[in-house]
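Here's the structure we're looking at; comments come further down.
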Amino acid sequence: MKRVITYGTFDLLHYGHINLLKRAKEKGDYLIVGLSTDEFNTYNKGKKTYFSFNERKKLLEAVRYVDLVIPEYSWNQKRDDILKYHCDIFVMGDDWRGEFDFLFDICEVEYLERTPEISTTKIKVDLGRIQND
Ligand code: C2G
């Protein structure tokens, strides 16, 4: 069984996230998602999420490509996670290209093209415009 792992905040889950998860799953048989906790988002990523960790976790667990959701609480847990869950491939969107090459010694590292035109930020801006129209 080929095990794949990826990480993210996945707030306001959208088709760009789904495209990433679909392609990540296609790289193997089992997909683990390291989901950023509320604390990690606030204090380490400077991200304010609309949905809480538990709400985002429920949404991801409903996605057919996702087999397991684990908490991401630190920038430094990836190596331990990959070893603990015996992951063969680490996947991230290519906005992170190069950032995780240091994991090459324990697994394959693949950066997949981001889906253009969609982002959580764009959704928030567009919704803000609609409200003000
Ligand atoms: N993504 C994508 N296309 C988009 C938007 C996002 O392919 N239009 C991908 C990102 O490249 C990332 C994943 O979807 O691989 C999750 O995106 P975010 O929730 O924005 O993740 P991020 O905040 O980049 O957190 O330790 C790694 C971090 O937790 C990654």
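Please indicate, with yes or no, whether at least one residue in segment 119-128 is outside any helix (DSSP H, G or I), more than 20 Å from K22 (Cα to Cα), of a type in the set (K, R) and out of contact with any strand residue (DSSP E or B) (no Cβ under 8 Å at 6 or more places or on another chain).
Checking segment 119-128: not a single residue is outside any helix (DSSP H, G or I), more than 20 Å from K22 (Cα to Cα), of a type in the set (K, R) and out of contact with any strand residue (DSSP E or B) (no Cβ under 8 Å at 6 or more places or on another chain).
Can you go through T115, T42, T49 and tell me which one is in a helix (DSSP H, G or I) and of a type in the set (V, I, T)? Walk me through it before giving the result.
Details: T115 fails: in a helix (DSSP H, G or I); T49 fails: in a helix (DSSP H, G or I).
None of the other options fit; the residue is T42.
One line per residue, one yes/no per condition, for (1) among the charged types (D, E, K, R); (2) touching a helix residue (DSSP H, G or I) at 6+ places or on another chain (Cβ under 9 Å):
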position	(1), (2)
K25	yes, no
S36	no, yes
Y65	no, yes
T121	no, no
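Take the residues in segment 80-97 that are within 16 Å of the chain's Cα centre (by Cα) and part of a loop (DSSP other than H, G, I, E, B); name whichever of them is surrounded by the most Cβ atoms within 10 Å (Cβ to Cβ).
Going residue by residue through segment 80-97, those that are within 16 Å of the chain's Cα centre (by Cα) are 81-82, 87, 89-97.
Adding the requirement that they be part of a loop (DSSP other than H, G, I, E, B) leaves 87, 97.
Numbers: C87: 24, R97: 14.
Among those residues, the one meeting the criterion is C87.
Is at least one residue of segment 60-79 part of a helix (DSSP H, G or I), acidic (D, E) and over 24 Å from E26 (Cβ atoms)?
Taking every residue of segment 60-79 in turn, none turns out to be part of a helix (DSSP H, G or I), acidic (D, E) and over 24 Å from E26 (Cβ atoms).
In segment 15-39, what residues are part of a helix (DSSP H, G or I), surrounded by 21 or more Cβ atoms within 10 Å (Cβ to Cβ) and not aliphatic (A, V, I, L, M)?
H17
Conditions tested, residue by residue: (1) under 14 Å from L13 (Cα atoms); (2) within 10 Å of the ligand (Cβ to nearest atom); (3) in contact (Cβ under 8 Å) with a residue 12 or more places away in the chain.
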{"site": "L60", "(1), (2), (3)": "yes, no, yes"}
{"site": "Y73", "(1), (2), (3)": "no, no, yes"}
{"site": "V91", "(1), (2), (3)": "no, yes, yes"}
{"site": "T120", "(1), (2), (3)": "yes, yes, yes"}
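Coordinate-derived values only; no laboratory data. All values derive from a computational prediction rather than experimental measurement. When we count neighbours, we look across all protein chains shown, and the Cβ atoms used for this are built from the backbone with ideal geometry, even at glycine.
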